[in-house]
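Every read-out reported here was derived from the displayed coordinates using simple, explicitly stated rules and does not represent laboratory data. These numbers come from a predicted model, not from an experiment. In this analysis, Cβ positions are derived from the backbone assuming ideal geometry, glycine residues included, and neighbour counts consider all displayed protein chains.
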Amino acid sequence: MIYLDYQATTQLAPEAREAMLRWLGDDSFGNPHSPHRMGRAAAAAVDVARQQVAALLPPGGRVVFTGSATEALNLALYDSGDVLTFATEHPAVLDCERHARRHGFRFEVLPVSADGRANAAALAGQRPPQVVAAMQVNNEIGTINPIPAIAAAAHDLGAVMLCDAVQGYGRIAIPDCVDLVAISAHKIHGPKGIGALWIRDGVKLFPLIRGGGQEGALRSGTLSPALCAGFGAAAAVAAQRIDEDAAHVAMLWDAARDVLSRWTLNGSAEHRWKGNLNLRLAGLNVNRLISECRGVMFAGGSACASGSGRPSHVLSALGLDPAEAKTSIRLGFGRYTSREDLLSACRQIDAAAREQGV
Ligand code: PLP
């Protein structure tokens, strides 16, 4: 098995597993919100994790743990007022439209350029919204948005800047100029089932989940110390290895591009995270390719869109027609991918495509 689906999820780092196991024992199951010794020990572990996660985020804000980045994005956009966003955003943002509209808010989706990047100029002259939402690194094609320019334009409109940094956090720096940041543990070799929203001091939000008042009453529900500790450990490793991981990924990118040189790259070649290689080949039958390369775990389009039969909304936003969009594959790789495995997978994929006569 060669795993090339890093944008969908990543394997647990050994350090994260170790940190989690400590909070799954017979004597360490305390509720972090309980006042007794076991509870306080669990709360201390959550605190450490919160600091580890915050170390990769701007100063002047706080980390609220959530069940996923989807929840973090929903929390950021819940009754937030008018929203301006971009066509290549994740469904966790775009699908908030119906709720926003039902509550009488404007929810406008702006186009992106042909290289897949959101453009700050698209915000100029817009009726001021309360929130501008733009992702840092696109999950389908790996393109990096000009977040500082978009945040500056958002602030000129008097709006709060929400950044979906799920694919960038732990890999590239999060710009200081944003006001809300959504992240997810399982994309950085942490556990599934935990995400976070970073909130700049002074930004006011409404709770999506009400109850016991945890997380400053913004996100009620008992926290899992094991999940928090796994997230924290994964963030700490990412912080330590950020340059090493990026260099490894750049090396992998060159190797894969060499083998797949006849394939066309989707999205900007220059402004991108190189652990995401989204390619198309005219006439390719992607479903057949995936079933023929059974030992290689890779995606056609995004994991969220796959199976729906609909062409990817991201590739469509780039101006690809539905037929072109459906001939695209996504190879995602990173820290634990070896050059040999990647080369072997790329050769298998290219050979299987040739077998199809494309
Ligand atoms: N935003 C982006 C860019 C993503 O890639 C994902 C996950 O695929 C999400 C949001 C949602 O993250 P989660 O799986 O934590 O809900």
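Grab the Cα-Cα distance for Asp47 and Val358, subtract it from 0.36 nm times how many residues apart they are, and report the gain in nm with one decimal.
Details: separation 311, 0.36 × 311 = 111.96 nm, distance 5.39 nm.
Contour length minus Cα-Cα distance gives 106.6 nm.
Going by alpha carbons, how many degrees (0 to 90, nearest 10) lie between the helix axis of 339-355 and the longest principal axis of the chain?
Helix 339-355 and the main axis of the chain meet at about 50 degrees.
Using modelled amide H (1.01 Å from N, peptide plane; none on Pro or chain starts), what sits under 5 Å from the amide H of Thr327, excluding residues fewer than 5 places away?
The list, which skips near neighbours in sequence, is empty: none.
Excluding same-chain residues fewer than 8 positions from Lys192, which aspartates and glutamates have a Cα within less than 14 Å of its Cα?
Glu71
Would the stretch 104-249 count as rounded, prolate or oblate if I go by the C-alpha gyration tensor, calling it rounded below 1.5 in a/c and otherwise prolate when a/b exceeds b/c, oblate otherwise? Could the numbers behind the result be given before it?
On the way: a/c = 2.24, a/b = 1.18, b/c = 1.89.
Taking the square roots of the gyration eigenvalues as a ≥ b ≥ c, the stretch 104-249 is oblate.
From the helices alone, meaning DSSP H stretches of at least four residues, give me the mean residue ellipticity at 222 nm for the chain, per-run term -39500 (n - 2.57), in deg cm²/dmol to the nearest 500. Before the final figure, lay out each step's value.
Numbers: 11 runs with 123 residues, N = 358.
After summing the helix terms and dividing by residue count, I get -10500 deg cm²/dmol.
For the stretch 34-39, what does the Karplus curve 6.51 cos²θ - 1.76 cosθ + 1.60, with θ = phi - 60°, yield as ³J(HN,Hα) per residue in whole Hz, taken in order and with x for Gly and Pro?
8, x, 7, 4, 5, x
Taking the alpha-carbon set of the chain, what are its Rg and Dmax in Å?
When restricted to Cα atoms, the chain yields Rg and Dmax of 20.7, 68 Å.
Could you check the spin-label model distance between His99 and Leu343? Points 7 Å from the Cα along Cα→Cβ, value in nm.
Spacing of the two 7 Å Cα→Cβ label points: 4.8 nm.
Please pull out the direction-averaged projected area of the stretch 1-123, using the convex hull of its alpha-carbon atoms, in nm² to one decimal place.
On the way: hull surface 49.5 nm².
Taking a quarter of the hull surface, the average projection is 12.4 nm².
Figure the gain on full extension for Arg22 and Arg106 (residue separation times 0.36 nm, minus the Cα-Cα span) and round it to one decimal in nm.
Working: separation 84, 0.36 × 84 = 30.24 nm, distance 4.65 nm.
Separation in residues times 0.36 nm, less the Cα-Cα distance, equals 25.6 nm.
Tell me, what is the Rg over Rh of the stretch 163-291, with Rh the Kirkwood radius over Cα pairs? Could the numbers behind the result be given before it?
Numbers: Rg = 18.9 Å, Rh = 17.7 Å.
Using only Cα positions, Rg/Rh for the stretch 163-291 is 1.07.
Go ahead and run the numbers for FRET between Asp243 and Gln11, Cβ-Cβ distance against an R0 of 25 Å, rounding to 0.05.
On the way: r = 21 Å, r/R0 = 0.83.
With a Förster radius of 25 Å, E is 0.75.
Between Ala323 and Ser34, what FRET efficiency follows from the Cβ-Cβ distance if R0 is 51 Å, with the result rounded to 0.05?
On the way: r = 58 Å, r/R0 = 1.14.
Calculated value: 0.30.
Just subtract the alpha-carbon distance of Arg210 and Met1 from 0.36 nm times their residue separation and send over the number in nm, one decimal. Present the calculation step by step, with values, prior to reporting the outcome.
Working: separation 209, 0.36 × 209 = 75.24 nm, distance 4.27 nm.
Once the chain is fully extended between Arg210 and Met1, it gains 71.0 nm.
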